[in-house]
Amino acid sequence: AVEPIIYYLDPGTPEPVRSALLDGARWWNQAFEAAGYIDAFQVKMLPEDADPLDVRYNVIQWVHRSPRGWSYGSSVGDPRTGEIIKGHVSLGSLRVRQDFLIAEGLLAPYASDAIPEDMRDMALARIRQLSAHEVGHTLGLAHSYAASTAGRASVMDYPHPYVKLTDGKIDLSEAYDTKIGEWDKIAIRYGYTDLGTEDKPKLNEILLDAHDKGIRFISDRDARARGGAHAEAHLWDNGASASEELERVLEVRQVALRNFSLNNIRDGEPSSNLEDRLVPIYLVHRYQPGAAGRV
């Protein structure tokens, strides 16, 4: 790359979240390399003397807040050309805690003093994917809600954790993505390939090739809206068949409920905190195929 795109991470981000955010954001280099650009996307720590609001810096900001851990990816564009001149990601710090609580609810980990690394690993895996997702928005990409029907084809989908059973035990090892998706590579090729206006047929070929591979793009208007009814575009789901996935996660839910006990909270915590650990078990399967999406 002659002029690489460089993002900078907020130095106030603590470890191990810092490394997870760096890793996830760097996934986008896979997409740019697939489009023919080498080292075109880079992620570094923000220099000490830099202002995160400086338009010269694309920034990933780690923000602590008391309400829900919303995260955003926005950009500043040149109104004359449409060129993106600054990407700015704001990530709520409570995201990592939310996934840790989900893992506690599913694993009932406190039967002994040994705390499974699975909970920490799952929470950090979510942070990696979240970093990639929000950076994707700043690169100009919209949500891609049909990606889950094609084997996690995009980090721009809303990721419901893929929880499975291994030898009858709950397994979180594949809860979230570990790399960029095929749709993401296609989107970067379409948006960033150096083509002239006379090469529009080549852009159409990129989309037709994706269609031939069974990769669809369905975004917010047809998936998020209460009146949206696209059969392949739900928020927070997995798999190509909603009914088959429902049957699968109901089995996971039965195991989680069977194991639910005081072992879902640490010694010394009030038992009323069990409610926080029970909610994720019910949410692991509660969606309705059709217009309303997840409930």
Condition first: in contact with a Lys or Arg (Cβ under 9 Å, 6 or more places away or on another chain) and either more than 29 Å from residue 175 (Cβ to Cβ) or open to solvent by less than 70 Å² (accessible area, probe 1.4 Å) (or both). Can you find one or more residues in the stretch 219-228 that meet it?
yes
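Out of everything in the stretch 201-216 that is assigned to a loop (DSSP other than H, G, I, E, B) and among the basic types (Lys, Arg), what residue ends up being least open to solvent (accessible area, probe 1.4 Å)? Walk me through it before giving the result.
Step one: list which residues in the stretch 201-216 are assigned to a loop (DSSP other than H, G, I, E, B), which gives 213-216.
Cutting the leftovers down to among the basic types (Lys, Arg) gives us 213, 216.
On the way: 213: 130, 216: 79 Å².
Checked the stretch 201-216; the qualifying residue least open to solvent (accessible area, probe 1.4 Å) is 216.
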Determine which single condition residue 72 fails, assuming it passes every other condition in (1) of a type in the set (Phe, Trp, Tyr); (2) surrounded by fewer than 17 Cβ atoms within 10 Å (Cβ to Cβ); (3) part of a helix (DSSP H, G or I).
(3)
Looking at the stretch 250-290, which of its residues are at pLDDT below 90, of a type in the set (A, V, I, L, M) and closer than 18 Å to residue 165 by Cβ?
281, 283, 284
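Where residues in the stretch 82-108 are part of a loop (DSSP other than H, G, I, E, B) and modelled with pLDDT under 90, which of them is nearest to residue 267 (Cα to Cα)? Step through it out loud before you land on a result.
Step one: list which residues in the stretch 82-108 are part of a loop (DSSP other than H, G, I, E, B), which gives 82-83, 93, 108.
In the following step, the residues that additionally are modelled with pLDDT under 90 were identified as 82, 93, 108.
Numbers: 82: 55, 93: 25, 108: 12 Å.
Once the filter is applied, the top-ranked residue is 108.
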Quick count over the stretch 106-128, residues being within 23 Å of residue 14 (Cα to Cα), out of contact with any helix residue (DSSP H, G or I) (no Cβ under 6 Å at 6 or more places or on another chain) and surrounded by 18 or more Cβ atoms within 10 Å (Cβ to Cβ), is 1
For the stretch 229-246, give me each residue that is open to solvent by less than 80 Å² (accessible area, probe 1.4 Å) and not in a loop (DSSP other than H, G, I, E, B).
237, 242, 243, 245, 246
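Kindly provide the set of residues from the stretch 134-163 that are within 20 Å of residue 102 (Cα to Cα) and either open to solvent by less than 40 Å² (accessible area, probe 1.4 Å) or part of a strand (DSSP E or B) (or both), ordered by number. Walk me through how you get there before you give the answer.
If we filter the stretch 134-163 for residues that are within 20 Å of residue 102 (Cα to Cα), which is where we start, we get 157-163.
Across the stretch 134-163, the qualifying residues are 157, 159, 160, 161, 163.
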Considering only residues that are in a strand (DSSP E or B) and of a type in the set (A, V, I, L, M, F, W, C), which ones fall in the stretch 164-192?
165, 170
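The values are calculated or read from the model by the stated rules, or taken from the named source; none is laboratory data. If you're wondering where the values come from, they're calculated on a predicted model, not measured in any experiment. We place every Cβ from the backbone using ideal geometry, glycine too, and count neighbours over all the protein chains shown. Note: accessible area is taken over every heavy atom of the protein model, side chains too, but ligands, DNA and RNA are not part of it. Shrake-Rupley method; radii C 1.70, N 1.55, O 1.52, S 1.80 Å.
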